[in-house]
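K.L.:
Submitted below is the structure of interest, expressed as structure tokens.
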Amino acid sequence: MTSWLTKLAPKLLSTDAKKNIPAGVWIKCPECGETLYSKDLDKNLKVCLLCNYHFRLTAEERIEQLFDENSFVEMDRGLLPIDPLKFVDSKKYKDRIKQTMAKTKLNESITSGVGKIKEREVAAAIFNFRYMGGSMGSVAGEKITRVIELALKRRIPLIIVSASGGARMQEGAFSLMQMAKTSAALSRLAQEGIPYISLMTDPTTGGVSASFAMLGDINMAEPGALIGFAGARVIQQTIKQNLPQGFQRSEFLKEHGQLDLILERKDLRDKLTELFGMLLPT
Amino acid sequence: MYILEFEKPILALKSKIEELRMQQQTRGDEKLLKEINKLERQTKELEKTTYSTLNPWEKTLLARHPKRPYTLDFIEHCTTEFTQLHGDRNFRDDPAIIGGLCRIDGQPFMVVGHQKGRNTQDNVKRNFGMPHPEGYRKALRLMRMASRFKVPILSLIDTPGAYPGIGAEERGQSEAIAVSLREMAALETPIIAIVTGEGGSGGAIALGVANRVLMYEHSIYSVISPEGCAGILFGDGTRAQEAAQSLRYSAQDLLSFHLIDEIIPEPLGGAHVKPDEALDQLKRAALSHFNDLRGLTGPQLVEDRYQKFRKMGEFAEG
């Protein structure tokens, strides 16, 4: 854990990490059922040593794994959600935000900033799935757009690591419009020849997959990630038949031509360095 | 006949008037004329209050009314020299989205839009206006062509959503929508998008990255269907009416959020009551916005569209 945010609030984050996977205990792999020692699991980038199942990462863990030590500088941390619709379901959206912030110690579903990967500066936006299912509302859309604009201005490559159920219902049409806003910003990036790599992780669906996540110059995914437009339940209800095996998993998408590659976590830094190196020589 | 609950008292009054008129014609009773006039005034008043105070669910029902004017009705009523252009050049022609070149008051336009069916058979063909990826790819192909020839684009939005199916996923529903969003942002021609009925989520905004976005008075534009929202939030899709209250997706809501530019008025009782009148209003609005935009260069139009969407979003910055 190396961001400035850690330095600001070391206690908060360490307790948080503990809650996630307590140090020195055994973790059961949800895929193969193998019991893993959490220190071994951490050392293996939170990938099951037996079956290669990729556990979901928090944005903090992703930053730690992806960037050179102490190199990531977060931006726009002060952007906070408001409740333009005065949305109410089983509870008020306002209260939901408060509870989520208290539970996750996160301000929003996106952490954005600039870090170095093997000395090269890379702009990044990383989803926190734990924050309301990584849903995209106005803040996430704004943070992503700003980090795209920063990549454009500084002519540095961009990576977005998605883990999101899609647009945030509680902000209604404001969330929907973030799809257009972020995609329009990517149109500028593409025209200026700045490479953008989209890494889809488990899960990437709905309004996130149907906007920036599928717009990478290179679209890659972690093994076994759920990626799709519509939820499996909705599809099943609509077509009233069983879904094919492996439906909407990374391997299924690659087979159907929707992904450039599936990449294991351990290879990410090397691969990004190679690809960015060829697309945007420093 | 497809009658909505809130239409019933109005229709009852109207049939009463009709009945009295018949009697009056056969009997020539002067007193009846007065009664008829009184009832007509009452009906008008009732209609005015009913349609200006519709709740979100009633709005939803009107927006989904099966007699609302669709894209093909607009084309038939408001355009000349229409040539429908088919296919995405890769997989097939998706009948849930149509498009083609035409003239509106002499001005060439590329019209693209969702197309629902009028009856069961037609709806099977049109897939209830729910496009597959190839539908979006066709629309984008036509819009890019329009940009090359500096032909303005009119996009008519009316869909429950992009189709959730196996083939749609296999062929990249997400990618098709995403690419449409990105590429529409870069087109160097005026784009006017109008939500005519249901603006269903990603499947709607995929045709909605425009310089001007308008909505019919009784249309909706939402991040998720009220049924879908209720399913997720309450675990019960039948609580859609509650979700409709929360989602704030009426034209009036979106205008108050500054997410759209204008509301196009509908005839009293909704566009389905007098579709030709409704379509004339739509045409007037489209041409008026086109006139505002026609002086802009290609790059200015792209910049105008960028800034329009760039501003969207409500948050605090501490």
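K.L.:
List the DSSP H helices in chain A whose Cα atoms stretch 20 Å or more along the helix axis and whose mean Kyte-Doolittle hydropathy is at least -1.0.
P.N.:
TM-like helix candidates: A:138-154, A:172-191.
K.L.:
Note down the magnitude of the dipole of segment B:173-233 about its Cα centre, charges +1 on Lys and Arg C-beta and -1 on Asp and Glu C-beta and zero elsewhere, to the nearest 20 debye.
P.N.:
In debye, rounded to 20, segment B:173-233 gives about 100.
K.L.:
Here is a follow-up. For A:Thr273 and A:Ser90, calculate 0.36 nm times their separation in residues minus their Cα-Cα distance, and state this gained length in nm to one decimal.
P.N.:
Difference between extended and current length: 61.3 nm.
K.L.:
Pop a pseudo-label 7 angstrom from the Cα along the beta-carbon direction at both B:Glu18 and B:Arg92 and give the gap in nm to one decimal.
P.N.:
A separation of 4.2 nm, rounded to one decimal place.
K.L.:
Additional query: Residue-wise, which Karplus ³J(HN,Hα) couplings in Hz belong to segment B:13-28, taking 6.51 cos²θ - 1.76 cosθ + 1.60, θ = phi - 60°, and x for glycine or proline?
P.N.:
4, 5, 6, 4, 4, 4, 4, 4, 4, 4, 4, 4, 5, 6, 9, x
K.L.:
Given +1 on the Cβ of Lys and Arg, -1 on the Cβ of Asp and Glu, and no further charges, what dipole in debye does segment A:56-279 carry about its Cα centre, rounded to the nearest 20? Don't jump to the answer; show the numbers that get you there.
P.N.:
Details: 31 positive and 27 negative charges, 165 e Å.
Rounded to the nearest 20 debye, it is 800 debye.
K.L.:
Could you work out how much longer the chain between A:Ala190 and A:Ser38 gets when fully extended? Use 0.36 nm per residue separation minus the Cα distance between them, nm to one decimal. Working shown, then result.
P.N.:
On the way: separation 152, 0.36 × 152 = 54.72 nm, distance 4.11 nm.
Between A:Ala190 and A:Ser38, full extension yields an extra 50.6 nm.
K.L.:
Nearest-5 percent of antiparallel DSSP beta bridges in the protein assembly as shown?
P.N.:
In the protein assembly as shown, approximately 45 percent of DSSP beta bridges are antiparallel ones.
K.L.:
Mind pulling the angle between the C-alpha long axis of helix B:133-148 and the longest principal axis of chain B? Nearest 10 degrees, somewhere in 0 to 90.
P.N.:
80
K.L.:
Follow-up. For the protein assembly as shown, report the % of Cα-Cα distances exceeding 30 Å. Don't jump to the answer; show the numbers that get you there.
P.N.:
On the way: 97385 of 179700 pairs.
The calculated P(r) of the protein assembly as shown puts 54 percent of pairs beyond 30 Å.
K.L.:
Also, quick follow-up: What value does segment A:56-279 have for Rg/Rh, both radii from Cα atoms and Rh as Kirkwood defines it?
P.N.:
Here Rg/Rh amounts to 0.96.
K.L.:
Oh, and also: Can you grab the distance from the C-alpha centre of segment A:103-159 to the C-alpha centre of segment B:15-89, Å, no decimals?
P.N.:
Result: 51 Å between the Cα centres.
K.L.:
Measuring from centroid to centroid over Cα atoms, what is the spacing of segment A:216-282 and segment B:133-181 in Å?
P.N.:
21
K.L.:
Under a 5 Å amide H to amide H cut-off, with H placed in plane at 1.01 Å, what residues pair with A:Asn128 once short-range neighbours are removed?
P.N.:
When sequence neighbours closer than 5 places are left aside, the close amide H contacts are A:Ile110, A:Thr111.
K.L.:
Over segment B:140-285, one equal point on each Cα, no solvent: what is log10 I(q)/I(0) by the Debye formula at q = 0.11, 0.16, 0.21 Å⁻¹?
P.N.:
Values, matching the q order: -0.47, -0.95, -1.31.
K.L.:
Right, here's the next one. Please list, ordered by chain and number, the residues whose modelled amide H lies under 5 Å from the amide H of B:His272; skip anything fewer than 5 residues away on the same chain.
P.N.:
Correct list: empty.
K.L.:
Still on this structure, please answer the following. What is the antiparallel percent of DSSP beta bridges lying wholly in segment B:60-310, to the nearest 5? Display every interim value, and only then the final one.
P.N.:
Values: 12 of 32 bridges.
Bridges in segment B:60-310 that DSSP calls antiparallel: roughly 40 percent.
K.L.:
Right, here's the next one. Tell me which residues come under 5 Å, amide H to amide H, from A:Ile227 once H is placed; ignore anything under 5 positions away on its chain.
P.N.:
HN-HN under 5 Å from A:Ile227: A:Thr204, A:Arg249, A:Ser250.
K.L.:
Output the Cα-based Rg and Dmax of segment A:124-199 in Å, rounding Rg to one decimal and Dmax to a whole number.
P.N.:
Values for segment A:124-199 (Cα only, Rg and Dmax): 12.2, 35 Å.
K.L.:
Moving on to the next point. In chain A, what percentage of the DSSP-assigned beta bridges are antiparallel, given to the nearest 5?
P.N.:
Close to 45 percent.
K.L.:
May I pose another question? Just the Kirkwood number for segment A:161-229, please: inverse of mean 1/r across all distinct Cα pairs, in Å, one decimal.
P.N.:
Taking every pair of different Cα atoms in segment A:161-229, averaging 1/r and inverting gives 12.3 Å.
K.L.:
Using a probe radius of 1.4 Å on protein heavy atoms only, what is the accessible area buried between chains B and A, both sides summed, to the nearest 100 Å²? Provide the component values of the computation, followed by the final result.
P.N.:
On the way: alone 15820 and 13910 Å², together 25020 Å².
Roughly 4700 Å².
K.L.:
May I pose another question? Mean shadow of segment B:1-153, computed from the convex hull of its alpha carbons, in nm²?
P.N.:
In nm², the orientation-averaged hull projection of segment B:1-153 is 13.3.
K.L.:
Report the extension gain between B:Arg103 and B:Phe6 in nm, rounded to one decimal, defined as 0.36 nm multiplied by the number of residues separating them, less their alpha carbon distance.
P.N.:
In short, 31.1 nm is gained.
K.L.:
Next question. Rounded, prolate or oblate: which one fits segment A:150-264, using the alpha carbon gyration tensor with axes a ≥ b ≥ c (rounded when a/c is under 1.5, else prolate when a/b beats b/c, else oblate)?
P.N.:
oblate
K.L.:
Over 33 Å, how big is the tail of the calculated P(r) for segment B:60-310, in percent of all Cα pairs? Mind showing how you got there, number by number?
P.N.:
Working: 3632 of 31375 pairs.
That fraction is 12 percent.
K.L.:
Across peptide A:99-109, how many C-beta atoms of other chains are within 10 Å of each residue C-beta, on average? Let's see the in-between values first.
P.N.:
Working: counts 0, 0, 0, 0, 0, 0, 0, 0, 1, 1, 0.
Neighbouring Cβ atoms belonging to other protein chains average 0 per residue here.
K.L.:
Over segment B:5-53, with the other protein chains present, what is the accessible area per residue in square angstrom, probe 1.4 angstrom?
P.N.:
Roughly 74 Å² per residue, with all protein chains present.
K.L.:
Return the loop-located GluC sites (Glu not before Pro) in segment B:1-49 (DSSP other than H, G, I, E, B) with at most 14 other Cβ atoms within 10 Å of their own Cβ; answer none if there are none.
P.N.:
In loop regions of segment B:1-49 (DSSP not H, G, I, E or B), there are no sparsely surrounded GluC sites (Glu not before Pro).
K.L.:
Within 10 Å of each candidate Cβ there may be at most 12 other Cβ atoms; applying that plus a DSSP loop requirement, which trypsin sites (Lys or Arg not before Pro) in segment B:1-73 survive? Write out the running numbers ahead of the final one.
P.N.:
Numbers: sites: B:Lys14, B:Lys16, B:Arg21, B:Arg27, B:Lys31, B:Lys34, B:Lys38, B:Arg41, B:Lys44, B:Lys48, B:Lys59, B:Arg64, B:Lys67; in loops: B:Arg64, B:Lys67.
For trypsin sites (Lys or Arg not before Pro) across segment B:1-73 that sit outside H, G, I, E and B with at most 12 neighbouring Cβ atoms in 10 Å, the list is empty.
K.L.:
Could you report the accessible area of B:Thr50 in Å², rounded to 10, computed with a 1.4 Å probe on the protein chains as they sit in the structure?
P.N.:
Result for B:Thr50: roughly 30 Å² accessible.
K.L.:
Considering the zone a paramagnetic label at A:Asn52 would reach in this model (a point 7 Å from Cα along the Cα-to-Cβ line), which residues of segment A:212-253 have amide N under 15 Å from it?
P.N.:
Counting backbone N atoms under 15 Å from the label point, the list is A:221-225, A:250-252.
The values are calculated or read from the model by the stated rules, or taken from the named source; none is laboratory data. None of these values were measured; they are calculated from a predicted model. Every residue, glycine as well, gets a Cβ built from its backbone with ideal geometry; the counts of neighbours run over all protein chains shown. Quick note on the areas: whole protein, heavy atoms, side chains included, nothing else; ligands and nucleic acids left out. Shrake-Rupley method; radii C 1.70, N 1.55, O 1.52, S 1.80 Å.
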